[in-house]
């Protein structure tokens, strides 16, 4: 917890619907902090237009020659430090991060992933779940660590897979759950005391928590 409203940065790569959900919550003053910058690795990505419409500074720092990671993370870290960013929120950011960024923001970087981790980490999580035939999937907000989609879980939202449902329908409902869960989880992370007990993130004196999509929609 901070003594002042947190200064947040969002990293995004694509359409930016999760950025939009976070920015809308910040505009309503229910995110627990303000988004001071959005960093994107793809010039021309739709999320840049979303940021401009929201009046959020949007930048495309250099990415280098590699497709799956940043060749040099120092320019990205410099931009965060210049803006006195407290917490980084990954929202559809498609590159792996490493120690240069992870170490300064240890315990202060969150990600949303479209599955109930630890099930179906990595790319195409929704497709993995749909092809596997699971009855329940969902989305997870977690702390970011060096290993892929492996950090301590902050919050989860379960989404039932309906009989005969198409992948497209399931994807839409999971994204709806993400848009509700992520701002809710960020607000709780920023405004309530929490601690790590081993791999578990525990709020206050209670245990961890899990929300289903109905509860998130009602409380978010």
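The values are calculated or read from the model by the stated rules, or taken from the named source; none is laboratory data. These numbers come from a predicted model, not from an experiment. Don't worry about glycine lacking a Cβ; one is built from the backbone with ideal geometry, like all the others, and counts go over all protein chains shown.
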Query raised in the report: Is it true that some residue in region 129-137 is more than 14 Å from the chain's Cα centre (by Cα), in a strand (DSSP E or B) and either at pLDDT 95 or above or surrounded by 14 or more Cβ atoms within 10 Å (Cβ to Cβ) (or both)?
Result: yes
Report task. Determine whether region 140-153 contains at least one residue that is within 30 Å of residue 27 (Cα to Cα) and part of a helix (DSSP H, G or I). Result -> no
**Report entry** Hits in region 39-71 - residues which are over 27 Å from residue 187 (Cβ atoms) and touching a helix residue (DSSP H, G or I) at 6+ places or on another chain (Cβ under 8 Å)
**Finding:** 60, 61, 62, 70
Query raised in the report: Got a sec? Which of 183, 193 is at pLDDT below 95 and closer than 23 Å to residue 8 by Cβ?
Result: 193
Requested in this report: Report, by residue number, each residue of region 47-88 that is in contact (Cβ under 8 Å) with a residue 60 or more places away in the chain, assigned to a loop (DSSP other than H, G, I, E, B) and either outside the structural domain of residue 24 (by TED's automatic domain parsing) or surrounded by 12 or more Cβ atoms within 10 Å (Cβ to Cβ) (or both).
Outcome: 83, 85, 86
Query - Check on residue 112, within 20 Å of residue 11 (Cβ to Cβ), crowded, with 18+ Cβ neighbours inside 10 Å, in contact (Cβ under 8 Å) with a residue 40 or more places away in the chain and in contact with a strand residue (DSSP E or B) (Cβ under 6 Å, 6 or more places away or on another chain) - result: yes
Requested in this report: Quickly run through region 1-33 and pick out the residues that are closer than 19 Å to residue 107 by Cβ and over 14 Å from the mean Cα position of the chain (by Cα).
Outcome: 1, 2, 3, 4, 5, 6, 7, 32, 33
Requested in this report: Evaluate region 22-33: report whether one residue or more is more than 25 Å from residue 157 (Cα to Cα) and in contact (Cβ under 8 Å) with a residue 24 or more places away in the chain.
Outcome: no
**Report entry** Residue pairs meeting the criteria (Cβ under 7 Å; at least 6 apart or on separate chains; first more than 14 Å from residue 6 (Cβ to Cβ), in region 181-192; second assigned to a helix (DSSP H, G or I))
**Finding:** 181/216; 182/18; 182/21; 182/22; 184/216; 184/219
Requested in this report: Within region 89-109, work out how many residues are outside any loop (DSSP other than H, G, I, E, B), closer than 18 Å to residue 185 by Cβ and touching a residue at least 40 places away in the same chain (Cβ under 8 Å).
Outcome: 2
Query raised in the report: Quick one: would you say residue 123 is free of Cβ contacts under 8 Å to residues at least 12 places away in the same chain and either within 21 Å of residue 15 (Cβ to Cβ) or assigned to a strand (DSSP E or B) (or both)?
Result: yes
Query - Among (1) under 28 Å from residue 194 (Cβ atoms); (2) within 19 Å of the chain's Cα centre (by Cα) - the single one residue 173 does not satisfy - result: (1)
